[in-house]
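For reference, the structure discussed in these notes is given below.
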Amino acid sequence: MPTLVIDDQKVTVDPGTTIIQAAKKLDITIPHYCYHPRLKSVDMCRMCLVEVKDIPKLQTACSTQVRDNMVVFTNNQKVLDARRSVLEFLLINHPLDCPICDKAGECMLQDFYFQFSRHTSKFKEKKQKKHKVVNLGPKIVLDSERCILCARCVRFLKEVVGTEELGIFDRGDHSEIGIYPGRPLENNYQGNLADVCPVGALTAKDFRFACRSWFLCQENSICPGCSTGCNVLVHSSERSYDKTLRRVYRLTPRDNDEVNQSWLCDVGRYGYHFVDDPDRLTAPSLKRGEEYVKVDWDTAFREVAQRLRGIFERYSPSSLGIIPSPQLTNEDLYMVKKFFNETLCITNIDFKLPGWNQGQGDGFLLKADRNPNTMGAELLGLSGIGPQAGEIIEKTRLGEIKALYLVGSDPARYLGEEKIASALSRAQLVVFQGSNYNYACKFAHAILPGATFVEKEGTFTNAQARVQKINQALRPLGESLPDWKIILGLALTMGYYFPYKAAEDIFKDIAREVTGFSGLDYKKVGDKGIKLALSGG
Amino acid sequence: MFIDVAITLLKIAFVFGLVLNIAGILGWAERKQSAVMQDRIGANRADILGLRLFGLFHPIADIVKVITKEDWIPPGGDKFLHTLAPFLALFTALAVFAVIPFGDTLHIAGRDIPLVIADLNVGILFVIAFGSLGIYSVVLAGWSSDNKYSLLGSMRAAAQVISYELALALSVVGVIMAYGSVELDDIARAQGQYVLGIIPYWGVIAQPLGFLIFFAAAMAETKRTPFDLPECESEIIGYFTEYSGFKFLAFWMGEFIEVIAVAGVVTTLYFGGWQVPFIDSQGFFVPGLFTIPLPHLLVVVIQVTAFILKVCFFCWFMLLVRWTLPRFRYDQLMGFGWKFLLPLAFLNVILSGVIFMSFEG
Amino acid sequence: MSKGLEFSKKTKERLQAIVAKYPEKGAALLPTLWLAQREFSAITPEVEEYVAGLLGLSLVRVHEALSFYTMYTPQPLGKYHIQLCTNISCSLLGAEELLAYLKKRLNIEAGETTPDKKFTLSTVECLGYCGTAPVMRLNETFYENLTENGIDQILRKLP
Amino acid sequence: MKIVGHKLSFLENIYLFEIVRGLVITTRHFFYNMFFHIAHLLGYQQDVEAAVTIQYPEQTIPVSKRWRGVHRINTRPDGSPRCVACMLCETVCPVQCIHIVAEEHPDPAIEKYPVSFEVDVTRCCWCGMCEEACPVDAIYMDSGKIPKAGYSRQDLVYDKETLTKEVPLPGYQRSLNPPGAGAPKVNPMGL
């Protein structure tokens, strides 16, 4: 175990560690461009030069491995001068168009220039003109003038994705990143290129010019795209800065060694648009004749409660069917179970609609099961109590089930519109609770708007049985509410009181009552999540 | 009999027409006069077909605006009293004019027509009584508005008016002593005498201190700056906060009519009423030297005109005061009324008594 | 997806020998490209694909090498490739005039090929003969101390 | 507490004389102004001012060259706004009265342009920081105009077309590039 001194601080690290990693342990940040913790070091940018005692020339911190008794200076005049000079070189042909560059505000070149350089350019010649707005593929745009040729993107595609779609062509100051002519980027991970790029050369089309980065708030969350449960940051703003009036601007991956490292697949990354989609349900509405009338929550609850009770009184609990969705959080699902199953004794609860987990995975991050909380729904026992979800729909068609309560699920997506139409049109009462309009809403007698994953707090349990927390980044759109609150309100209207004030209270109860969750609370789940200890799982 | 009624109605029409018109014009005059005093131009935007006429159309525009406004009654207020209050304010202010003589007795077609609507023998008491009644409108307005600020405003107003009522009434006592009558026509007539044969024996000569007290107290009664604490449109909230539309206009007009009423009473009590110096029913004369006879009708016209001009002057003067002096603080207002004006009024009564007694004796 | 593009047997043998020299097949990219250029006269996209397939490299890697080195050409050249140095020493000694002369004589611009596919004219940076500037390279032969007359003679001698 | 002021003399304490003094001042103004107002009406003494007021909007006060009026967006030679939608003015604006929506410009050399550029003059506090922040010489407040009243809030949200049409008041232009200028003289971004 070599022990070395970095800027007068002693640190002991594993053999084979590089200086930059050792410095990170001491919270010393060594500026760098080409170095990326998850990619091989290539010493391309020369930004991370540090002085090592007894070595006359400066060394690259990203590739120099530590030795015992090494003495490293990351901040002396020699190093600062070198950084300044490197930056001066990097900026020779870099256009000074930060105001229109999408990366401004989160650009490492900009940051380090202000931190270390602040030189006035000595370069009097004309700047090298390169290609601008190069279309690399369906999701990424390249601006070669802004590129500093750190090759992070090239290496990412080579080392992580393995598709090798980008290369550096030409020579000297003509060098440019590019695709092989006529072969655009096609892989499912190209969204990461914009994150990986330390400058504004690679920008995501989805985010391009939509908003300046400093207008955005960031909140830790979990990607709801599949059962991997990649850790993400939600970048959002309550005020809209673009024509589509969106509030969530992008999802970026958040480091988690256990789940997604530093990456995020495009399916999840660009799957957030439903949050601000025009088809969002924003107010509770009731069917009056053929029309839907927007009402307030109390009215909606009263009506749903009254009709549910009517069906209860005329038939039996077995004439009610509940289909929750594995898109919901543990807390939402627990409320569904607690109220409908344990309190109202309805046994027709199941989330496994036929084909629920048959998407297409890619073997890396994207899983075939496109639901973030399948494992949670299983653990909470929302399947296997009674008939399968497909049977519930079938029973509705046969008239055995008179009332159907859909919590966030979209049966038409799996079963086809025809089947759903024939089933739901038979039911005496269809309640749809969810965030976006779907085909089943056509038959709903009451529509209760639910909040999306960025608008509520809660936990997801991913396929590895890892409980991870989502945080609220935005206020729920319109009058929508988190699903657990809707069920809580409905329960209260029907005369059942649950003492929950926040999602955290529900989680405490889950921890108390559900095997596997025992002893957990939000603090223990933390930002990185916690893996459940499941016996025989 | 019938002709008497007709004549009375004619007089009423004349007086009220005059008063209401002057009140309307005062709204314009207040803006224009304050503007001119303050080196401004003043309201001049309302126009009819491009004709602006120095902003004279503004009162009309105001009326149009005020009538088309929503008439709003606070849901928790007393609907009847809320509606009654502004009209009470108008009524009490207007009633005072019934006893104010605006000219000498007119001899026409063998009839003696006194140029006063109702020559009550308790004229002064009538004036003071109606002045006091005016406070009802304020209190009712404040109370029926269901608004604590309105109520506070009206309480302020009630306290203020009652305080100054005393000084007002006591200052008038001096005038009664001087002319020996409470009938306004008599008082006006008595002011046709001359002191030392050349100085008109007007109230202001007989009662200089009384005049000041009366004028100050009367200003306070009208609730205008510097005594405008009940309203204080600009900062403290007054009793007509909850009034809008025409009812607000009624208060507004009531205030101007009060101004004219005060001007009329001051003219009658202290500035010779309809008397014009050196003109009497015989004609123009220089005391002790000569007389130029004038026709009776001309004399009456001159006298009525003089009365109107005097009233206008005092209206102007009261506007002048309003745009010159800043507002009292409330404790200063009460202190001034009780600790200064009232003792002064008593002193005036005693002094007047002593002086008149010694002259008669 | 080489559309029927294939090295001749002789070239294949040479390639075998070259590849054997390197620990990794991919390292033989440059000589293989050189062989390909000889064989197919230019490294067209089809050739790139063929080479990439032969060496188990991605297309992008082959294209990187192709774009980096100037002696590989993506377009077919004329029979004679004239590369005239226009760097400092040569320019000082009249390379610019020579270029103008060549352009006039061949009736093409720099970088173009004559319609009869006989000549291709291109300008290059230093060829390493500054001591005997101006210099031009005709295919693989270098000509030093050039003059207009000298060029005439050289070109006249060509078959 | 410190009481500032002087002790009132007896005459001042009576107030009566002070009141009269005040009345005299206002009366003097009244008659002086009244005289000249009437004289003006009859066409005399036009050169004597009897009122300090200005009859806005017919008359306006000549404003300083540094005075900040309604915003103006400077234009390129082709008449399109110089703005590149960098949103720095929106960022620096202390009252958030600027709202820009950016989009890709067909010309890759320009790259970004504002699809909508709105200034809410009801919110604007006329601080001029947007002028300072603009890196491309696009927004100026040198139109010398006061925003006119509007019948709705939306009337007072000036859009891109309105702002582009504004021209600097003659002699008041602060930009070195007049609207539609050819070669930019100030060229921080090569645009």
- Query: Only one of B:29, B:6 is within 13 Å of chain D (Cβ to nearest Cβ), on the phi < 0 side of the Ramachandran plot and either at pLDDT 90 or above or outside any helix (DSSP H, G or I) (or both); which?
  - Reply: B:29
- Task: Any residue in region C:119-141 that's free of Cβ contacts under 8 Å to residues at least 24 places away in the same chain: show its pairings with residues that are surrounded by fewer than 21 Cβ atoms within 10 Å (Cβ to Cβ) at Cβ separation under 6 Å, as long as the two are six or more apart or on different chains.
- Result: C:132/C:144; C:132/C:145
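Suppose we keep only residues that are among the hydrophobic types (A, V, I, L, M, F, W, C) and touching a residue at least 60 places away in the same chain (Cβ under 8 Å) within region D:144-185. Which one would you say is nearest to residue D:85 (Cα to Cα)?
In the first step, residues of region D:144-185 are kept if they are among the hydrophobic types (A, V, I, L, M, F, W, C); the result is D:146, D:149, D:156-157, D:163, D:167, D:169, D:176, D:181, D:183.
Now restrict to residues that are touching a residue at least 60 places away in the same chain (Cβ under 8 Å): D:146, D:163, D:167, D:169, D:181.
Numbers: D:146: 25, D:163: 14, D:167: 20, D:169: 25, D:181: 19 Å.
Applying the filter and picking the extreme gives D:163.
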- Name the helices (runs of 4 or more DSSP H) wholly within region B:127-242 that hold at least 3 residues that are among the hydroxyl-bearing types (Ser, Thr, Tyr)? B:148-179
- Message: Checking the condition touching a helix residue (DSSP H, G or I) at 6+ places or on another chain (Cβ under 6 Å), more than 25 Å from residue B:358 (Cβ to Cβ) and at pLDDT 90 or above, which residue from B:168, B:229, B:209 passes?
- Response: B:168
- What are the pairs, 6+ residues apart or on separate chains, where a residue within region B:304-326 that is more than 9 Å from chain D (Cβ to nearest Cβ) has its Cβ under 6 Å from a residue that is crowded, with 18+ Cβ neighbours inside 10 Å and of a type in the set (Phe, Trp, Tyr)? B:304/B:102; B:307/B:102; B:307/B:274; B:310/B:271
- Task: Would you check if there is a residue in region C:70-82 being more than 28 Å from residue C:128 (Cβ to Cβ), out of contact with any helix residue (DSSP H, G or I) (no Cβ under 6 Å at 6 or more places or on another chain) and either crowded, with 18+ Cβ neighbours inside 10 Å or modelled with pLDDT of 90 or more (or both)?
- Result: no
- Query: Does region A:171-183 include one or more residues that are more than 14 Å from chain C (Cβ to nearest Cβ) and on the phi < 0 side of the Ramachandran plot?
  - Reply: no
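May I ask you to verify whether residue D:12 is surrounded by 11 or more Cβ atoms within 10 Å (Cβ to Cβ), more than 11 Å from chain B (Cβ to nearest Cβ) and at pLDDT below 85?
Values: surrounded by 11 or more Cβ atoms within 10 Å (Cβ to Cβ): yes; more than 11 Å from chain B (Cβ to nearest Cβ): yes; at pLDDT below 85: yes.
Yes.
The rows are residues; the columns are (1) surrounded by fewer than 16 Cβ atoms within 10 Å (Cβ to Cβ); (2) away from every other protein chain (no Cβ under 14 Å); (3) assigned to a loop (DSSP other than H, G, I, E, B); (4) free of Cβ contacts under 8 Å to residues at least 40 places away in the same chain.
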site	(1), (2), (3), (4)
A:54	yes, yes, yes, yes
A:57	yes, yes, yes, yes
A:81	yes, yes, no, yes
A:87	no, yes, no, no
A:95	no, no, yes, no
A:102	no, no, yes, no
- Tally of residues being over 12 Å from residue B:209 (Cβ atoms) and surrounded by 14 or more Cβ atoms within 10 Å (Cβ to Cβ) across region B:341-361: 2
- Within region A:320-343, the residues that are touching a helix residue (DSSP H, G or I) at 6+ places or on another chain (Cβ under 6 Å) and surrounded by fewer than 23 Cβ atoms within 10 Å (Cβ to Cβ) are A:339
- With criteria (1) buried (at least 20 other Cβ atoms within 10 Å of the Cβ); (2) part of a loop (DSSP other than H, G, I, E, B), residue C:32 comes up short on (2)
- If you go through region D:2-51, how many residues are over 26 Å from residue B:314 (Cα atoms), within 35 Å of the chain's Cα centre (by Cα) and assigned to a helix (DSSP H, G or I)? 2
- Query: In region A:483-537, which residues are in a loop (DSSP other than H, G, I, E, B), touching a strand residue (DSSP E or B) at 6+ places or on another chain (Cβ under 8 Å) and either among the basic types (Lys, Arg) or in the same structural domain as residue A:380 (by TED's automatic domain parsing) (or both)?
  - Reply: A:528
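Looking only at residues in region D:33-43 that are more than 9 Å from every other protein chain (Cβ to nearest Cβ) and not aliphatic (A, V, I, L, M), which one is surrounded by the most Cβ atoms within 10 Å (Cβ to Cβ)? Break it down stepwise before answering.
Our first condition is that a residue be more than 9 Å from every other protein chain (Cβ to nearest Cβ); within region D:33-43, this holds for D:35-36, D:38-40, D:42-43.
Those left that are additionally not aliphatic (A, V, I, L, M): D:35-36, D:40, D:43.
Working: D:35: 14, D:36: 18, D:40: 16, D:43: 7.
By that ranking, first place goes to D:36.
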- Is it fair to say residue C:42 is more than 8 Å from chain A (Cβ to nearest Cβ), buried (at least 20 other Cβ atoms within 10 Å of the Cβ) and either touching a strand residue (DSSP E or B) at 6+ places or on another chain (Cβ under 6 Å) or at negative phi (or both)? no
- Within region D:96-115, is even one residue among the basic types (Lys, Arg), in contact with a strand residue (DSSP E or B) (Cβ under 7 Å, 6 or more places away or on another chain) and within 10 Å of chain A (Cβ to nearest Cβ)? yes
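If you go through region D:176-186 one residue at a time, do you hit one that is modelled with pLDDT under 85 and closer than 23 Å to residue D:99 by Cβ?
Initial filter on region D:176-186 (modelled with pLDDT under 85): D:176-186.
This time we only want the ones that are closer than 23 Å to residue D:99 by Cβ, so: D:179.
Scanning region D:176-186, I find at least one residue that is modelled with pLDDT under 85 and closer than 23 Å to residue D:99 by Cβ, so the answer is yes.
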- Is there any pair with a first residue in region D:82-93 that is more than 7 Å from chain A (Cβ to nearest Cβ) and a second that is part of a helix (DSSP H, G or I) and not aromatic (Phe, Trp, Tyr) whose Cβ atoms are under 7 Å apart and which are 6 or more apart or on different chains, and what are they? D:89/D:130; D:89/D:133; D:92/D:129; D:92/D:130; D:92/D:133; D:93/D:129; D:93/D:130
- From the set of residues in region D:117-134 that are outside any loop (DSSP other than H, G, I, E, B) and touching a helix residue (DSSP H, G or I) at 6+ places or on another chain (Cβ under 6 Å), which is farthest from the other protein chains (Cβ to nearest Cβ)? D:129
- Item | Considering residues of region C:130-145 that are at pLDDT 90 or above and assigned to a loop (DSSP other than H, G, I, E, B) only, the residue nearest to the chain's Cα centre (by Cα) | C:135
- Message: Consider region B:203-250. How many of its residues are over 21 Å from the mean Cα position of the chain (by Cα) and of a type in the set (Asp, Glu)?
- Response: 3
- Task: Please go through region D:54-91 and pick out each residue that is closer than 24 Å to residue B:38 by Cα and of a type outside the set (A, V, I, L, M).
- Result: D:55, D:56, D:57, D:58, D:59, D:60, D:62
- Message: Please count how many residues of region A:119-164 are part of a helix (DSSP H, G or I) and exposed (fewer than 13 other Cβ atoms within 10 Å of the Cβ).
- Response: 0
- How many residues does region A:213-239 contain that are touching a strand residue (DSSP E or B) at 6+ places or on another chain (Cβ under 9 Å) and within 11 Å of another protein chain (Cβ to nearest Cβ)? 3
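Only one of these is away from chain C (no Cβ under 13 Å) and crowded, with 21+ Cβ neighbours inside 10 Å: A:167, A:200. Name it. It would help to see each step written out before you state the result.
Details: A:167 fails: away from chain C (no Cβ under 13 Å).
That would be A:200, the only listed residue that is away from chain C (no Cβ under 13 Å) and crowded, with 21+ Cβ neighbours inside 10 Å.
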- Message: Among the residues of region A:261-284, are any on the phi > 0 side of the Ramachandran plot, part of a strand (DSSP E or B) and surrounded by 14 or more Cβ atoms within 10 Å (Cβ to Cβ)?
- Response: yes
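The values are calculated or read from the model by the stated rules, or taken from the named source; none is laboratory data. This is a predicted model, so every value here is computed, not measured. Backbone-built Cβ (ideal geometry, glycine too); neighbour counts: all protein chains shown.
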